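Every read-out reported here was derived from the displayed coordinates using simple, explicitly stated rules and does not represent laboratory data. What you are looking at is a predicted structure, and each value in this text was computed from that prediction instead of being measured. Here the Cβ is made from the backbone with ideal geometry for all residues, glycine too, and neighbour counts use every protein chain on show.
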Amino acid sequence: MGIEGKRLARGEEGLAYLCKKAENMGMKIIIWIAPAHLSHSSPILKEHPEWIIMKPNGTPDHFNYAEIVGVNLRRGYLDYAMEQFEKSSSKNRFSRRVDGFVPPRSVS
């Protein structure tokens, strides 16, 4: 039985459902992230504007993508993002993959 046509919950609840459903079907979920970018509407950016990469003119750098903002990985964001990713993958048992240009950490 697939999951087509079912409206999934969002966030942790939706991810937990998807991982459990995949496990029941003999599959494994792999999530790949590129932590150097966030949605410009992310609540995290409102809480931590110091993480946003700014252009010389003082505006956020979106790297020619209208929906994202560049995030400085050296101002605490990378540690925060990896901690959240590790917590979620431990709880939901999915495999983790992180973009190759991110500084090495103990993420498998």
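Between residue 57 and residue 39, what is the label-to-label distance in nm when each label sits 7 Å out along the Cα-to-Cβ direction?
About 2.7 nm separates the two model spin labels.
Antiparallel as a % of all DSSP beta bridges within the stretch 11-98, to the nearest 5?
Within the stretch 11-98, antiparallel bridges account for around 55 percent of the total.
Report the extension gain between residue 10 and residue 90 in nm, rounded to one decimal, defined as 0.36 nm multiplied by the number of residues separating them, less their alpha carbon distance.
This chain segment gains 27.0 nm when fully extended.
Among 87, 46, what is the fewest-to-most ranking by other Cβ atoms within 10 Å?
Taking fewest neighbouring Cβ atoms as first place, the list is 46, 87.
Divide the volume of the convex hull of the Cα atoms of the stretch 11-98 by its number of residues and quote the answer in cubic angstrom per residue. Write down the numbers at each step before the final one.
Details: hull volume 9.4 nm³, N = 88.
For the stretch 11-98, the hull spanned by Cα atoms encloses 107 Å³ per residue.
With a Förster radius of 41 Å, plug the Cβ-Cβ distance of residue 29 and residue 72 into 1/(1 + (r/R0)^6) and report the FRET value to the nearest 0.05. Before the final figure, lay out each step's value.
Numbers: r = 29 Å, r/R0 = 0.71.
Given R0 = 41 Å and the Cβ-Cβ separation, E is 0.90.
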